[in-house]
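Enquirer: There's a structure below that I have some questions on.
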Amino acid sequence: MTLNDSILAQAAELTRLRRDIHAHPELCFQEVRTAELVATKLAEWGIEVHRGLGTTGVVGVVHGRDGGACGRGVGLRADMDALPMTELNTFAHASQHAGRMHACGHDGHTAMLLAAGQHLAQHRDFDGTVYLIFQPAEEGGGGAREMIKDGLFERFPMEAVFGMHNWPGYPAGSLAVSPGPVMASSNEFHIVIRGKGSHAALPHNGIDPVPIACQMVQAFQTIITRNKKPLDAGVISVTMIHTGEATNVVPDHCEIQGTVRTFTLDVLDLIEQRMRDIAHHTCAAFGASCEFTFERNYPPTVNSPAEAEFARQVMRDVVGDDLVVHQEPTMGAEDFAYMLQAKPGAYLFIGNGDGAHRGKYDGGGHDAGPCTLHNPRYDFNDDLIPLGGTYWVELATRWLKR
């Protein structure tokens with residue numbers, strides 16, 4: 001593994017910044033303090049700063065030795081927002097705000113990109129321009145989409161854009177990328193079955209929505225097993241069924257909610273249409289009516305083949321073949337998908353390890369428990385900051401040399 005000496009020299013300060021952000025988490029479109037910290041640091045390092053894209057987004061512009069005259073550019077993106085959950089860690093940099101937590105590592109993503117920005121600004125040993133994209137509201141707010149709406153790619157013309165997410169369970173210090181779909185689309189459905197209420201002892205006087213809901217939920221799974229191709233990935237998860245208020249009353253309606261995830265829009269189109277048909281026709285068969293709502297949130301995150309292969313070659317040179325691992329696609333979703341719909345690029349993973357790093361923070365490791373994403377015991381591994389920063393520098397400078 002080859003790490004950048006100037007980034008290693010700043011590792012302690014970058015760790016302090018990361019932990020400061022972790023202790024002061026901010027939810028989507030509320031990243032005021034975080035954006036101020038990022039903008040202040042970029043300005044200190046002589047980087048041109050643009051604020052306010054997507055409400056609280058920040059873009060740092062680092063021109064190379066030619067002042068950007070060649071017209072070439074590449075974008076590097078980190079997300080800044082936290083999650084609405086309470087942290088259970090007890091180390092010194094744990095969240096100071098109940099109900100808010102950096103449980104997905106966006107604090108670490110921000111620190112890694114700051115590390116790269118500092119080095120690039122100090123050395124500028126490249127031609128062209130590197131755009132440092134600090135994005136708000138990844139956790140459900142669609143901050144990438146909002147930055148694009150505010151002119152991200154028009155104001156900052158880049159040939160490609162790259163993003164990186166830490167991945168617990170992958171060995172610490174490993175890197176992974178693959179072509180094609182790497183994260184799924186995220187979509188929600190809400191169904192209201194309208195029946196007819198009655199006394200539970202006189203069910204023939206009503207239209208019971210409960211057995212209709214049971215039929216519907218079972219039928220949805222036949223879409224996965226019988227309508228789509230077996231090799232096409234898709235998941236329908238019914239996560240909520242709400243009905244009734246008393247044990248002796250047949251309710252007049254029942255609500256069903258859940259999510260659908262796919263790697264392609266064609267499969268998503270199929271699932272949505274089949275769910276809609278099943279919902280309406282099942283209700284009709286029982287004499288009930290149906291209200292069906294399907295909301296498409298994030299599209300699939302699909303890596304461009306050429307950019308993914310380029311990113312992999314850089315990985316091999318930075319960490320060696322043994323630490324370039326297979327990037328297994330996940331049904332989780334990511335709004336970097338919007339950027340990849342607009343520009344070529346790739347979304348890659350950096351291994352966060354198994355969580356053992358948390359024990360170093362308090363000298364004993366009593367913060368035991370899962371260190372998975374969106375978990376109240378999660379924390380980013382600070383040892384990754386020099387590696388992430390080094391990788392960003394190598395990726396950007398080599399891209400601009402092509």
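Enquirer: Before we move on, is residue 255 outside any strand (DSSP E or B) and at pLDDT 95 or above?
Expert: No.
Enquirer: Another question, if that's okay. Please find, within segment 266-309, the residue that is farthest from the chain's Cα centre (by Cα) out of those that are in a strand (DSSP E or B) and under 27 Å from residue 183 (Cα atoms).
Expert: So the residue we want is 292.
Enquirer: All but one of (1) within 15 Å of residue 77 (Cβ to Cβ); (2) within 13 Å of the chain's Cα centre (by Cα); (3) of a type in the set (A, V, I, L, M, F, W, C) hold for residue 346, so report the exception by its number.
Expert: For residue 346, the exception is condition (2).
Enquirer: For segment 50-61: of the residues being surrounded by fewer than 20 Cβ atoms within 10 Å (Cβ to Cβ) and within 21 Å of the chain's Cα centre (by Cα), which is nearest to residue 83 (Cα to Cα)?
Expert: Only one residue fits best here, namely 55.
Enquirer: How many residues does segment 2-49 contain that are among the charged types (D, E, K, R) and crowded, with 18+ Cβ neighbours inside 10 Å?
Expert: Result for segment 2-49: 5.
Enquirer: Hey, any hits in segment 86-99 for a residue that's under 16 Å from the mean Cα position of the chain (by Cα) and either of a type in the set (A, V, I, L, M, F, W, C) or at pLDDT below 95 (or both)?
Expert: no
Enquirer: Go through segment 50-101 residue by residue and tally those that are among the aliphatic types (A, V, I, L, M) and not in a strand (DSSP E or B).
Expert: Matching residues across segment 50-101 total 8.
Enquirer: Name the residue, out of 96, 122, 118, that is within 20 Å of residue 32 (Cα to Cα) and either of a type outside the set (Ser, Thr, Tyr) or in contact with a Phe, Trp or Tyr (Cβ under 9 Å, 6 or more places away or on another chain) (or both).
Expert: 96
Enquirer: Got a sec? Which of 144, 137, 121 is in contact (Cβ under 8 Å) with a residue 12 or more places away in the chain and more than 20 Å from residue 349 (Cα to Cα)?
Expert: Matching residue, one of 144, 137, 121: 121.
Enquirer: Which number in (1) under 13 Å from the mean Cα position of the chain (by Cα); (2) not in a helix (DSSP H, G or I) marks the one condition that residue 109 misses?
Expert: Going through the list (1) under 13 Å from the mean Cα position of the chain (by Cα); (2) not in a helix (DSSP H, G or I), residue 109 breaks only (2).
Yes/no per residue for (1) at pLDDT below 95; (2) touching a strand residue (DSSP E or B) at 6+ places or on another chain (Cβ under 7 Å):
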{"position": "272", "(1), (2)": "no, yes"}
{"position": "284", "(1), (2)": "no, no"}
{"position": "290", "(1), (2)": "no, yes"}
{"position": "293", "(1), (2)": "no, yes"}
{"position": "302", "(1), (2)": "no, yes"}
{"position": "307", "(1), (2)": "no, yes"}
{"position": "310", "(1), (2)": "no, no"}
{"position": "317", "(1), (2)": "no, no"}
{"position": "326", "(1), (2)": "yes, yes"}
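Enquirer: Quick one: in segment 285-297, which of the residues that are closer than 27 Å to residue 205 by Cα and aromatic (Phe, Trp, Tyr) is surrounded by the fewest Cβ atoms within 10 Å (Cβ to Cβ)?
Expert: 286
Enquirer: Do any helices (runs of 4 or more DSSP H) entirely within segment 137-236 hold 1 or more residues that are over 20 Å from the mean Cα position of the chain (by Cα) and either among the small types (Gly, Ala, Ser) or outside the structural domain of residue 34 (by TED's automatic domain parsing) (or both), and if so, which?
Expert: The helices (runs of 4 or more DSSP H) meeting that bar are 209-222.
Enquirer: Quick one: would you say residue 282 is closer than 23 Å to residue 219 by Cβ, surrounded by fewer than 13 Cβ atoms within 10 Å (Cβ to Cβ) and of a type in the set (Val, Ile, Thr)?
Expert: No.
The values are calculated or read from the model by the stated rules, or taken from the named source; none is laboratory data. Note that the structure is a prediction, hence the values are computed from the model and not measured. FYI the Cβ positions are ideal-geometry reconstructions off the backbone, even for glycines, and counts take in every protein chain you see.
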